[in-house]
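A.B. asks: Here it is, the structure in full.
The values are calculated or read from the model by the stated rules, or taken from the named source; none is laboratory data. Treat the numbers as computed from the prediction; the structure is a model and nothing was measured. Note that we place each Cβ from the backbone using ideal geometry, even for glycine, and neighbour counts take in every protein chain shown.
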Amino acid sequence: MLSYQLEFFDTDGDGLKFFANNDGTGYIRFRKLNNQYLKNFQADFGRKFVYNFTVNYPLSYEQTHAMEKLLWFILILIMVVLI
């Protein structure tokens with residue numbers, strides 16, 4: 001079993017979406033390679049967001065590489081939304 005942790009920090013303390021300002025909106029989601037969403041996370045999380053999860057089987061190199069690409073896509077999407 002493989003364990004992972006997704007951590008997201010917001011120095012402004014208002015997450016990706018906050019009702020009291022217009023800093024922008026964004027989202028965090030996990031999705032499969034076929035674009036089916038596995039998990040949607042709340043965007044109004046404050047200063048820090050942590051999500052621990054496991055995978056019940058070892059990943060192949062292709063799956064591991066795809067997960068890295070997904071995490072980079074999430075990071076870039078978040079940066080674009082916040083700019």
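A.B. asks: Pairs needed: first member in the stretch 1-22, in contact (Cβ under 8 Å) with a residue 40 or more places away in the chain; second member anywhere, crowded, with 16+ Cβ neighbours inside 10 Å and small (G, A, S); C-beta distance under 8 Å; at least 6 residues apart or different chains.
C.D. replies: Short answer, once both residue conditions are applied: L16/G26; L16/A43.
A.B. asks: Here's a follow-up. In the stretch 1-22, how many residues are at pLDDT below 80 and under 24 Å from N56 (Cα atoms)?
C.D. replies: The total comes to 3.
A.B. asks: Filter the stretch 74-83 for residues that are modelled with pLDDT under 70 and either over 25 Å from G13 (Cβ atoms) or surrounded by 13 or more Cβ atoms within 10 Å (Cβ to Cβ) (or both) and give the result.
C.D. replies: L77, V81, L82
A.B. asks: Let me ask something else about it. I need the full set of residues from the stretch 15-55 which are at positive phi and either within 15 Å of the chain's Cα centre (by Cα) or of a type in the set (S, T, N, Q) (or both), in order please. Let's see the steps before the verdict.
C.D. replies: Initial filter on the stretch 15-55 (at positive phi): 15, 24, 35, 46.
Across the stretch 15-55, the qualifying residues are G15, N35, G46.
A.B. asks: Continuing with the same structure: Of all residues in the stretch 23-49 being closer than 14 Å to I74 by Cβ and modelled with pLDDT under 80, which is surrounded by the most Cβ atoms within 10 Å (Cβ to Cβ)?
C.D. replies: This residue is G26.
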